[in-house]
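To start, the structure under review is shown below, and the notes come after it.
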């Protein structure tokens, strides 16, 4: 889970906008409940506006993007050796919470441990091809967000107005579709506090493409309502 990874990393390098999440747009209180809706009156409206939240991104770290001497061991919870990787990749997988090894295995943070290095990891199964969120939820690119559960409950359907109508990057099958604005609160993180959503984009390249297109440091968050149902 990203929560466990981020608790061990105080600084996230994937902020999507200006430092501090400054926003020159209107305050949430200035927005009518349907202020962010598309013009099509036949579209089922989402719920109330929850506010303007800080937006960041996260993804599956790739060992191939972090070369260097293989000098850092990654262990399972029994301190069994899973892989020996570069220190740079070890830092990346601890930050992102999930990482893919050169041999194709997907490792997910399993929590702090008393092994020679921590955190420890577990291999993801076929039901979790992009890793684990909270409550054993399968992360899904462009559909999963990490939230502060004191602000948004896990499983809550959320509508993100600025994503509606945007074609998602990536390969067909997980990307290359026009987004409808609907996402689910499926994850959390130690750095996700207050009015802050962390958008799971699958791969770092997808983050670069999407952030380059949108250039957003904040995003309008609405309750999903009938448009984006909850997923308990």
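The values are calculated or read from the model by the stated rules, or taken from the named source; none is laboratory data. Source: prediction; values computed, not measured. Ideal geometry is used to build each Cβ from the backbone, glycine not excepted, and the neighbour counts take in all protein chains shown.
Looking at 153, 185, 138, 146, which is the one that is modelled with pLDDT of 95 or more, surrounded by 18 or more Cβ atoms within 10 Å (Cβ to Cβ) and out of contact with any helix residue (DSSP H, G or I) (no Cβ under 6 Å at 6 or more places or on another chain)? Give the derivation first.
Values: 153 fails: surrounded by 18 or more Cβ atoms within 10 Å (Cβ to Cβ); 138 fails: surrounded by 18 or more Cβ atoms within 10 Å (Cβ to Cβ); 146 fails: out of contact with any helix residue (DSSP H, G or I) (no Cβ under 6 Å at 6 or more places or on another chain).
None of the other options fit; the residue is 185.
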Practice problem: Would you point out the residue of the range 65-90, among those that are surrounded by fewer than 16 Cβ atoms within 10 Å (Cβ to Cβ) and in contact (Cβ under 8 Å) with a residue 40 or more places away in the chain, that is nearest to the chain's Cα centre (by Cα)? | Solution: 65
Quiz item: Within the range 131-148, how many residues turn out to be more than 10 Å from residue 188 (Cβ to Cβ) and either in contact with a strand residue (DSSP E or B) (Cβ under 6 Å, 6 or more places away or on another chain) or in a loop (DSSP other than H, G, I, E, B) (or both)?
Solution: 9
Practice problem: Kindly indicate whether any position in the range 40-50 is closer than 25 Å to residue 186 by Cα and free of Cβ contacts under 8 Å to residues at least 12 places away in the same chain. | Solution: no
Quiz item: Consider residue 165 against the criteria (1) within 17 Å of the chain's Cα centre (by Cα); (2) more than 25 Å from residue 67 (Cα to Cα); (3) in contact (Cβ under 8 Å) with a residue 60 or more places away in the chain; (4) assigned to a loop (DSSP other than H, G, I, E, B): it satisfies all of them except one. Which criterion is unmet?
Solution: (1)
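If you scan the range 198-218, which residues turn out to be assigned to a strand (DSSP E or B) and surrounded by 24 or more Cβ atoms within 10 Å (Cβ to Cβ)? Reasoning before the result, please.
First pass over the range 198-218, keeping only residues assigned to a strand (DSSP E or B): 198-200, 218.
Hits for the range 198-218 are 198, 199, 200.
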